[in-house]
Amino acid sequence: MLSGVKVVEICGIGPGPFCAMHLADLGADVIAVERAVPARDAMPSTEGYVLNRGKRSVVADLKTTEGRELVLALVQDADALIEGMRPGVMERLGLGPEVCQARNPRLVYGRMTGWGQTGPLAQAAGHDNNYISLSGALYYHGTPAEAPSSAITVVGDVGGGALYLAVGLLSGILNARVTGKGTVVDASIVDGSAHMLQLLLSTRRKGYITGARGSNVHDASHFYSTYRCADGNFVTLGSIEPQFYALLLEKLGLTDDPCFACQWDREHWPTLHRQLEELFATRTRAQWCALLENTDVCFGPVLSPEEAAGHPHLAARGVYFEADGQLQAAPAPRFDGKAMMAGAIPLRGQHTGEILAAIGGGHPGGAWKAA
C-alpha cells in the first residue's frame with residue numbers, strides 16, 4: 001500500500017522504531033540509520049531487533065561529517081524522516097528540519113517525543129507511564145484500593161505516540177505531493193494519549209464514567225470486569241448493552257435473581273461484583289470459554305501472547321507468527337481481505353555497504369529501492 005514511500009529513520013528506542021516498522025509493514029522503503037556505537041539498550045549486532053522488521057539497516061556516526069552527509073544524501077530523495085531525540089539534539093548534529101528541508105523541500109520531518117517539542121517539560125526525561133499519567137490517560141486504570149497500573153507501552157508509546165506519528169507523517173506526505181512543501185510533525189505521547197481519551201470522555205453523558213476512579217463502568221460494575229477462575233486464570237466480561245446483559249444473566253442462571261435485575265443501580269454494584277467473583281471462581285477458564293465464548297455476552301479469556309497465537313480465532317486470521325526465532329504479530333490492518341507480508345529482520349548495519357556504494361556513485365536516489 002505504501003510502495004514508493006521512502007522513509008529515513010534515525011534509530012532510537014520505543015515509539016519511533018515502532019512507527020517506522022509499521023510503515024515498513026505497509027510497504028514503505030525504510031532505511032534505519034543506526035548508531036555506530038550501539039546504545040546501552042540496543043540489541044547485540046548478532047541478533048535481529050524485531051522493530052527493525054522490513055527495514056534496511058545502515059550504521060553511521062552522526063557526530064561525524066561522513067555520518068551527517070549520509071543522512072542528508074538519504075533525505076534528498078526521501079518522503080519522510082523519523083527521529084526521537086530530545087528537542088534540539090538533531091539541530092546540534094546539523095540535521096534539524098531546516099537543514100534537511102533545505103536539501104529536500106518536500107520532506108516530512110517527523111519528531112517523536114514524550115512531552116513534545118515545546119513546553120516546560122520538553123527537555124525532561126520520561127517514559128510511557130510518566131506521559132500517560134500527566135495526560136490523564138492513566139487515571140482510570142484500577143480502583144481506589146490500588147495504584148493505577150499502566151498498560152505497559154500500549155497506551156502511550158504505541159497508541160499515543162507511534163500511531164499518531166504515522167498518521168501525521170502520512171498526512172504530511174499527502175499534502176507534500178499536492179503542494180510540493182514538506183512539514184514538521186510534532187508527535188508527543190502526552191498529546192496523543194490525551195486525544196485518545198476523547199472516546200472515554202464522550203461516554204460521560206451516558207453515565208459510563210463519573211469522574212472518580214472506582215465508580216465507573218470499567219472499574220466498579222459487575223458486568224464490565226475481569227474475574228479470576230478456579231485455575232487461577234482470568235476472563236473478561238463487557239456486557240454493557242441491555243441485550244448482552246440479559247444474555248449474560250441467562251447463561252449464568254441469574255435471570256430470575258432480583259438482585260441482578262437493576263443493571264445500572266450503582267449502589268448494588270459492589271455486592272453483585274463479589275457474587276460474580278465467587279461464581280467465576282467455581283470453574284476453570286476453559287470451562288467458562290466453553291459456556292460463554294462466541295456468544296453475544298461480550299466475553300474473552302485473558303491470554304498470554306503465546307496462548308493467543310494458538311487460539312482458533314487468531315490462528316485462523318494469522319494474527320501471530322514465528323520467524324527469526326521470535327514470536328511476532330502480523331502487520332495490520334488488512335487490505336481487501338489480505339494481510340500485508342512482514343519483512344525480514346536485518347542484522348545491525350546489514351545494508352551499510354550497498355547503501356554507501358549507491359550514494360558514493362553520485363546518485364543518492366540509488367540508495368532507494370525502485371518505486
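Label residue 127 and residue 218 with points 7 Å out from Cα along Cα→Cβ: what is the distance between them in nm?
About 2.2 nm, to one decimal.
How do 158-170, 199-211, 346-358 rank on mean C-beta neighbours within 10 Å, highest first?
Order by mean packing, descending: 158-170, 346-358, 199-211.
For a test of the definition: using alpha carbon positions, the gyration tensor, and the 1.5 limit on a/c, classify the range 304-370 as rounded, prolate or oblate.
oblate
What FRET efficiency would be calculated for the residue pair residue 267, residue 167, taking the C-beta separation as r and a Förster radius of 35 Å, to the nearest 0.05?
That pair, residue 267 with residue 167, gives E of 0.25.
Subtracting the Cα-Cα distance from 0.36 nm times the residue separation, let me have the gained length for residue 65 to residue 195 in nm, one decimal.
Length difference between fully extended and current span is 42.8 nm.
Could you identify which residue out of 124, 20, 309 has the top mean-square fluctuation in a GNM of the chain using Cα springs shorter than 10 Å?
For the chain, modelled as a Gaussian network with Cα springs under 10 Å, the answer is 124.
What percent does the relative contact order of the range 229-317 come to when contacts are Cα pairs within less than 8 Å and at least six residues apart?
Reported relative contact order: 48 percent.
Suppose the chain between residue 315 and residue 226 were pulled fully straight at 0.36 nm per residue; how much longer would it get relative to their current alpha carbon spacing?
Numbers: separation 89, 0.36 × 89 = 32.04 nm, distance 2.38 nm.
Once the chain is fully extended between residue 315 and residue 226, it gains 29.7 nm.
Round to the nearest 0.05 the FRET efficiency obtained for residue 328 and residue 208 when R0 = 35 Å and r is the Cβ-Cβ distance.
Efficiency for this residue pair is about 0.50.
According to the square roots a ≥ b ≥ c of the eigenvalues of the Cα gyration tensor, what is the shape class of the range 194-336, taking rounded for a/c under 1.5, prolate for a/b larger than b/c otherwise, and oblate for the remainder? Don't skip to the answer; put the middle values down first.
Values: a/c = 2.16, a/b = 1.41, b/c = 1.53.
Judged from the Cα gyration tensor, the range 194-336 comes out oblate (a/c at least 1.5, b/c at or above a/b).
In whole Å, how far is the Cα centre of the range 103-134 from that of the range 175-200?
A separation of 11 Å, based on Cα centres.
Kindly flag which residue pairs out of 6/55; 55/369; 55/181 have an alpha-carbon separation exceeding 22 Å in this structure.
55/181
Can you give me the relative contact order of the chain as a percent, contacts being Cα pairs under 8 Å and 6 or more apart? Kindly include the intermediate steps, with their values, before the conclusion.
Details: 644 pairs, mean separation 74.1, N = 371.
Here the relative contact order equals 20 percent.
Note down the nm distance, to one decimal, between modelled labels 7 Å out along Cα→Cβ at residue 354 and at residue 139.
5.1
Within the range 229-251, find all residues whose amide N lies under 11 Å from a label point positioned 7 Å from the Cα of residue 295 along Cα-to-beta-carbon.
Within reach of a label on residue 295, which here means backbone N under 11 Å from a point 7 Å along Cα→Cβ, the range 229-251 contributes 245-251.
At 7 Å along Cα-to-Cβ for each site, give me the label-to-label distance between residue 243 and residue 36 in nm.
The answer from the label model is 6.5 nm.
Each reported figure results from applying straightforward, stated rules to the coordinates on display, with no laboratory input. Just so it is clear, the model here is predicted, and its values are computed rather than measured. A quick note on method: Cβ atoms are made from the backbone with ideal geometry, for glycine too, and the neighbour counts reach across all protein chains shown.
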